[in-house]
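The values are calculated or read from the model by the stated rules, or taken from the named source; none is laboratory data. Computed from a predicted model, the values in this text were never measured in an experiment. Note that we place each Cβ from the backbone using ideal geometry, even for glycine, and neighbour counts take in every protein chain shown.
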Amino acid sequence: MYSVELYIKIRRAVMVEGKSEREVARYFGVHRKTVKKMCQYAVPPGYRRKSEPISPKLAAFTGIIDAILEADKQVHAKQRHTAVRILERLRDEHGFTGGYTIVRNYVYKAAIRQKEMFMPLVHPPGHAQVDFGEADGYIGGKLVRFHYFCLDLPHSDGCFVKAYPTEDTESFLDGHVAAFAFLGGVPQSILYDNTRIAVAKILGDGKRQRTKAFSELQSHYLFEDKFGRPAKGNDKGNVEGMVGYSRRHFMVPLPVANDFDALNAKLLDGCIKRQQARLRGQTETIAERMKRDTAALMALPVVAFDACHKISTRVSSLSLVRYRTNDYSVPTQYGHREVLVKGYVDHVDICLGIDTIARHVRSYGREEFIYNPLHYLALLEQKPRALGQAAPLQGWVLPEVFDHLRRVLEVRMERRGRKEYIQVLRLLENFSQAQVEQAIKQAMGLGVVSFDAIKHLILCAIERRPAKLDLALYPYLPNARVKSTEPRAYLSLLQRPKTNQQPALEGAL
């Protein structure tokens, strides 16, 4: 390729100085056609190869190759034909005698032709897109892989991000509730992928059968739902980009937090700070454009949505209900009853009718047993011999004074002492641990170690009245003074009493 400087000299000689192309070609040592081309272009146009014709050896087989590539669109991406495999099939099945290069070039050009093109879009305010992402971080001192809910407003590029231990129905629902509260309103429409959390089944004509949980969420907030094409992430490209942006900017380096509440506080702070950015091609900041988004939002309902996953189940004979592979306890009086389990992000409620009969901290382990020891005390009172082996009581950490009380009761009352101790434990069903602990200490100090005395002391402390266990509090009662006994005091017992009666035998005579 000739330099631009040579172009300048040849073009000036012909076009300014008026020399002939033949003369200039002879002078500069180039072909006359080259001089003619230089006069047509101000700079070297570069090498321009004409479209390469299809090899005669391949021409008869292009239809077969096109059919193979078209069929590949319907199979897994990792099981599609490579150029080598197409060559093998052409040789084995169709008698192709050509080489690999012409097949590879044709396949490459066909792939270029088949690449999808996209239309630039304009997004009106008040609409949103939602997706989940995943990342790693140190939560509570452990390296965990967490999932994060991401809502994007394409008009303004505003976002909301919240992390969860898993991507499930509870986190999906809670993410919407938290995002709507953050925005102060409900988007007119939300675009999703075909997540199983929202879509139970894809029907014909682009219709979707919604899940029960998603339908309840939509009915509560009344937004319009939209779904992208299966396996077409570009249909919601804005939120896809926001998922990646959040990971690169909010989670690099790996986030460190004591718990998910602390992590989400950092993520929310990142979302708020980002609103001050002015993106490429925009004259306004994200915050300024978000004003149009928020103005177009629908009003929030008076009552927030109950973001939980609900299942109906039955209490087992061990007073347990199963939720997502884990077993949670309920009070034993509800055994064998039909209950409703409501799983939230951070806790699990077990309900009978309108009453919540048990609440536990949510466990994200597998096949774990989550007990509340108080749920089993009523049954334990009926079966006191199980006290030492009761699984719900294993690992129940109580103050040392409780163990001391148990030893004292069992020494003084033997078998009855065990049941008495269980009755004391049952006080924890209605009173705080601190109240029961203080009453035990007070009872042991007064020497009145029993269930009745401990309960009496708790009630007196609550009602702020003196306990009726110490006689010193009642001065109107006579004081009993016990003196030390002297040996001479027993001499009066040794004297023979005088009597006028004769022995019964003498009287008979």
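Any idea which of 354, 370 is loosely packed, with under 13 Cβ neighbours inside 10 Å and out of contact with any Leu (no Cβ under 8 Å at 6 or more places or on another chain)?
Values: 370 fails: loosely packed, with under 13 Cβ neighbours inside 10 Å.
Criteria check complete, one pass: 354.
What tally of residues in the stretch 110-145 results from selecting those that are within 17 Å of residue 242 (Cβ to Cβ) and within 13 Å of the chain's Cα centre (by Cα)?
So the count comes out to 4.
Yes or no: residue 110 closer than 30 Å to residue 159 by Cα and either surrounded by 12 or more Cβ atoms within 10 Å (Cβ to Cβ) or assigned by TED's automatic domain parsing to the domain that holds residue 189 (or both)? Explain how you work it out, then say what you get.
Working: closer than 30 Å to residue 159 by Cα: no; either surrounded by 12 or more Cβ atoms within 10 Å (Cβ to Cβ) or assigned by TED's automatic domain parsing to the domain that holds residue 189 (or both): yes.
No: the conditions fail for residue 110.
Of all residues in the stretch 368-380, which are in a helix (DSSP H, G or I) and under 22 Å from residue 432 (Cβ atoms)? Before you say what the answer is, go through the steps one by one.
First pass over the stretch 368-380, keeping only residues in a helix (DSSP H, G or I): 373-380.
Across the stretch 368-380, the qualifying residues are 373, 374, 375, 376, 377, 378, 380.
Consider residue 484 carefully, then state whether it is assigned to a loop (DSSP other than H, G, I, E, B), at pLDDT 60 or above, farther than 29 Å from residue 417 by Cβ and of a type outside the set (A, V, I, L, M).
Working: assigned to a loop (DSSP other than H, G, I, E, B): yes; at pLDDT 60 or above: yes; farther than 29 Å from residue 417 by Cβ: yes; of a type outside the set (A, V, I, L, M): yes.
Here the answer is yes, as residue 484 does meet what is asked.
Being buried (at least 20 other Cβ atoms within 10 Å of the Cβ) and part of a strand (DSSP E or B) is the filter here, so list the residues in the stretch 327-338 that pass it.
328, 329
Looking only at the stretch 278-312, count every residue that is polar (S, T, N, Q) and surrounded by 15 or more Cβ atoms within 10 Å (Cβ to Cβ) and tell me the total.
2
Can you name every one of the helices (runs of 4 or more DSSP H) wholly within the stretch 381-476 that holds 3 or more residues which are in contact (Cβ under 8 Å) with a residue 24 or more places away in the chain, farther than 30 Å from residue 358 by Cα and among the charged types (D, E, K, R)? So that I can check it myself, show each step before the final result.
Numbers: elements: 400-413, 415-426, 433-446, 451-463.
Passing ranges: none, list empty.
Residues in the stretch 178-192: is at least one farther than 30 Å from residue 283 by Cα and out of contact with any His (no Cβ under 6 Å at 6 or more places or on another chain)?
No, the stretch 178-192 has no match at all.
Take residue 401 and decide whether it is among the β-branched types (Val, Ile, Thr) and surrounded by 12 or more Cβ atoms within 10 Å (Cβ to Cβ).
Working: among the β-branched types (Val, Ile, Thr): yes; surrounded by 12 or more Cβ atoms within 10 Å (Cβ to Cβ): yes.
Here the answer is yes, as residue 401 does meet what is asked.
Tell me which residues, restricted to the stretch 54-102, are within 17 Å of residue 112 (Cα to Cα), outside any helix (DSSP H, G or I) and in contact with a Leu (Cβ under 9 Å, 6 or more places away or on another chain).
Of everything in the stretch 54-102, those that are within 17 Å of residue 112 (Cα to Cα), outside any helix (DSSP H, G or I) and in contact with a Leu (Cβ under 9 Å, 6 or more places away or on another chain) turn out to be 80, 81.
Given the condition farther than 27 Å from residue 215 by Cα, part of a loop (DSSP other than H, G, I, E, B) and without any contact (Cβ under 8 Å) to a residue 40 or more places away in the chain, answer yes or no: does some residue in the stretch 357-367 qualify?
Yes - at least one qualifying residue is present in the stretch 357-367.
Give the residue, chosen from 264, 326, 258, that is more than 20 Å from residue 245 (Cβ to Cβ), in the same structural domain as residue 221 (by TED's automatic domain parsing) and not small (Gly, Ala, Ser).
258
Return the residue satisfying two criteria in turn: it lies in the stretch 182-227 and is over 21 Å from the mean Cα position of the chain (by Cα), hydroxyl-bearing (Ser, Thr, Tyr) and under 18 Å from residue 160 (Cβ atoms), and of such residues it is surrounded by the most Cβ atoms within 10 Å (Cβ to Cβ).
The selected residue is 221.
Criterion first (surrounded by 14 or more Cβ atoms within 10 Å (Cβ to Cβ) and not hydroxyl-bearing (Ser, Thr, Tyr)) does residue 385 satisfy it?
The answer is no for residue 385.
Answer with yes or no whether residue 240 is in contact with a His (Cβ under 6 Å, 6 or more places away or on another chain), at negative phi, in contact (Cβ under 8 Å) with a residue 60 or more places away in the chain and of a type in the set (D, E, K, R).
Against the criterion (in contact with a His (Cβ under 6 Å, 6 or more places away or on another chain), at negative phi, in contact (Cβ under 8 Å) with a residue 60 or more places away in the chain and of a type in the set (D, E, K, R)), residue 240 does not qualify.
Considering only strands (runs of 3 or more DSSP E) fully contained in the stretch 125-180, which possess at least 1 residues that are surrounded by fewer than 20 Cβ atoms within 10 Å (Cβ to Cβ) and either of a type outside the set (Val, Ile, Thr) or not assigned by TED's automatic domain parsing to the domain that holds residue 244 (or both)?
Numbers: elements: 127-139, 142-153, 158-164.
It comes to 127-139, 142-153.
List pairs: first residue in the stretch 1-19 and part of a loop (DSSP other than H, G, I, E, B), second residue surrounded by 13 or more Cβ atoms within 10 Å (Cβ to Cβ) anywhere in the structure, Cβ distance under 7 angstrom, at least six positions apart or on different chains.
Listed pairs, sorted by first residue: 1/44; 2/44; 19/13.
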